[in-house]
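In what follows, a structure is listed as structure tokens, so that the remarks can point back to it.
What follows is calculated from the coordinates using simple rules that are stated; it is not laboratory data. Everything numeric in this text was worked out from a predicted model, so none of it was measured. For neighbour counting, all protein chains shown are included, and Cβ atoms are generated from backbone atoms with ideal geometry for every residue, glycine included.
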Amino acid sequence: MRERGFESALILDGSVDMELNIKTIMRRVHRVLPSWDLLFPGHCGAFERIQPRVSAQLPMLRVANMPLCLHAYAVSRSGVDSLLDHLAALPPDRDILGMAIMRLAEQRRLAMYSLDTPVFVPESTDKTRRLAGNKRLAISAINHLHERQQ
């Protein structure tokens, strides 16, 4: 990201499903998103719904507490800088990124936001298990593709 000059990046787990209208949703989010380091549009944190709302224009956008199951998150250039600076001082570990995010969040060194109803969820072959928090995706992109193939 630094080398290519990108302002932000979306990082997805290898097997996620998403809302079919994800581009529209993310455009709406970015219109009202204040200065940010991390955005969690896909997580399984049940406590995100009780966090303060960021904007009346988009009630689903919340100040992030500590979303769990990070299968989709976006990072800004300032977020990358903070994470890389923090990671440089730590020993290598496969779970290090999650721990770094948690530590920086505890120290209030990251501006983090989440969607109270995630728009990315882990992919599942069982259609009844495509849950985002306690809700199913409104229009699953994977289900939509399967239906079009039949």
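Listing for the model above:
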{"quantity": "Additional length obtainable on full extension of the chain from Arg77 to Ala89, 0.36 nm per residue less Cα span", "calculated": "2.4 nm"}
{"quantity": "Packing rank of 21-30, 71-80, where each peptide gets the mean count of other beta carbons within 10 Å, highest leading", "calculated": "71-80, 21-30"}
{"quantity": "Vicinal HN-Hα couplings computed from phi for region 58-63 (Karplus, 6.51 cos²θ - 1.76 cosθ + 1.60; Hz; Gly/Pro x)", "calculated": "9, x, 6, 7, 10, 5"}
{"quantity": "Global geometry of region 32-123, whether rounded, prolate or oblate, following the gyration tensor of its Cα atoms and the 1.5 cut on a/c", "calculated": "prolate"}
{"quantity": "Computed E for Ser8/Arg49 - FRET, C-beta separation, R0 30 angstrom, nearest 0.05", "calculated": "0.80"}
{"quantity": "Potential lengthening between Arg27 and Arg108 on full extension [0.36 nm per residue; Cα-Cα distance subtracted]", "calculated": "26.5 nm"}
